[in-house]
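These notes concern the structure reproduced below.
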Amino acid sequence: MEGQRLDIVDKAQVIREQELERALNENRAHFVGEDVDFLHCLECGVEIPSERRAAIHRCKLCVDCQTSQEAQAKHYRKP
Ligand SMILES: [Zn+2]
């Protein structure tokens, strides 16, 4: 049973990597000179909404990844 479970995790990992690779390729195709913004999140590969890209110059993370990165940056400091 344990081996089977690992197999499923492995497949999920491969699919995730393929998705990310595809997203990064789309990002590369989108690059125009130095003034770059990202179509897809660099962390999870999810598409970044155009409103978010318009609001944040050179935005490279989706809301979720941005939020979790900011949380980590604060070392989970409590208010
Ligand atoms: Zn993300």
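Quick notes on this one:
- Couplings for segment 37-43, taken from phi via the Karplus curve 6.51 cos²θ - 1.76 cosθ + 1.60 with θ = phi - 60°, read 10, 10, 6, 10, 4, 6, 7 Hz in order; Gly and Pro are left as x.
- Coordinate range along principal axes, alpha carbons of segment 2-73, Å, largest first: 47, 30, 18
A short reminder: the numbers here are calculations on the coordinates, not readings from a lab. Remember, it's a predicted structure, so these values are computed and weren't measured experimentally.
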